[in-house]
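Asks: This is the structure, below, for whatever I ask next.
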Amino acid sequence: MGKRIKEIRTEKNLSQQDLAAKCNYEKSNMSRIEAGRVNLTLTTLDKVSKGLEVELMELFRF
């Protein structure tokens, strides 16, 4: 999931810091999410999808 988030983020020319700010997270948290070092909840996935301005299901398209 983290790789997919990173892929979409880079396609949209967003830095980790920018996406973290949109999600109201610390940059270190976004780094852990993209590295796959945290278990993601639906709430977190929802915040990230909104930060990326994509539908939640887009995160599940590998």
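Here, each number is a calculation from the coordinates, and none is a lab measurement. What you are looking at is a predicted structure, and each value in this text was computed from that prediction instead of being measured. Counting neighbours? That spans all protein chains shown, and the Cβs are built from the backbone with ideal geometry, glycine included.
Asks: Under a Cβ-only charge scheme (Lys and Arg +1, Asp and Glu -1), can you give me the dipole magnitude of the chain about the Cα centre, in debye to the nearest 20? Before the final figure, lay out each step's value.
Replies: Details: 12 positive and 9 negative charges, 40 e Å.
Roughly 200 debye for the chain.
Asks: Starting from the eigenvalues of the Cα gyration tensor, five times each then square-rooted, give me the equivalent ellipsoid semi-axes of the chain, largest first, whole Å.
Replies: 14, 13, 11
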